[in-house]
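Novice: Below you will find the structure I want to go over with you.
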Amino acid sequence: MRFEFCRNKTASPRARRLRVTGGALCAAALAATLVTGCGQGSGDDTAAETSEAAKVLPNQTSSPSESVSGSPSETAQLTKAQADRKELLSTVKVTFDKAATTAVGEVSGGKLTDLELEGLDDDTTGSPSPTGSSSPTGSSSPSAEASGSPSGTGSPSPSGSGGSPKWIAEVVEEDGTAHDVTIDAVSGEVIDSAPDADQSDADKQQLADRISQATQTPEQAAKVATDKQDGWVTSIALDENDSQVLVWQVDVVSKDWNKTTFDVDAAKGTITDEQVDDN
């Protein structure tokens, strides 16, 4: 968003004083030299000084609050995906970081490898969908901010349609055993927690290798993403990218209801890819 600055046509007090001073000196020069006009002698010097002084006077501008007409979410027509994100986020009270802590607490010695808000963007494969906090450790919930205010002072009640939104988590033990944990995104209560019965030995070994290689925690990866794009973390998953580099894939929904997916190197903590879904 650009702010357009307007030059104030009213001269500043300092400029007026300079002109008055110039006039006084010019009058003095007139009286002293008995010439018609003040364009000679000290009058020329004073005019030059006035011109130089004017160059360092800052231009007057209107305040940002006077230039901004409204946020994108208030002024633009939302797409269906954006409207769906906004609707779901308005019901969520449990932030990403709180859900992550609850999920890990269900599995002794376990580590979080996947966490997503169920039911957004038709995504059921384990990556992105909206919810979370304005920062991984933030205290304000999406429901407090979905109205467009980043301060999180309000907290709309759940819509009640279709049941409460849910966080779906995968927590992995040191040997690679995965546990599926479902958390109510409104109350924060654990709905279900059980080992993944469909895991093969190869699956367990793969997960055990990944959690041992990931030196960056999901909370650290989420902070890297939200430092780049302010918004709510809606999904995070430990996976390999196309180059076979282990990354945390982090979804962030911004205040205009667009979703950005970041790949954060799970060992270095740097962003390796960024994709914006503005549908």
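Coordinate-derived values only; no laboratory data. None of the values given here were measured: they were computed from a predicted structure. Because the Cβ atoms are built from the backbone with ideal geometry, glycine has one as well, and the counts that use them run over all protein chains shown.
Novice: I'd like to know how segment 172-262 sits against the 2.2 N^0.38 Å rule of thumb: what's its Cα Rg over that expected value?
Specialist: 1.23
Novice: On a full-extension model of 0.36 nm per residue, what is the gain between V245 and E174, subtracting their alpha-carbon distance, rounded to one decimal in nm?
Specialist: Stretched fully, the V245-E174 segment lengthens by 23.5 nm.
Novice: Now a separate question. If packing is taken as the mean number of other Cβ atoms within 10 Å per residue, what is the order of 224-237, 203-216, highest first?
Specialist: Descending packing order for the listed peptides: 224-237, 203-216.
Novice: For D277 and S200, FRET efficiency with R0 = 30 Å and r from the beta-carbon atoms, rounded to 0.05?
Specialist: For R0 = 30 Å, the calculated efficiency reads 0.40.
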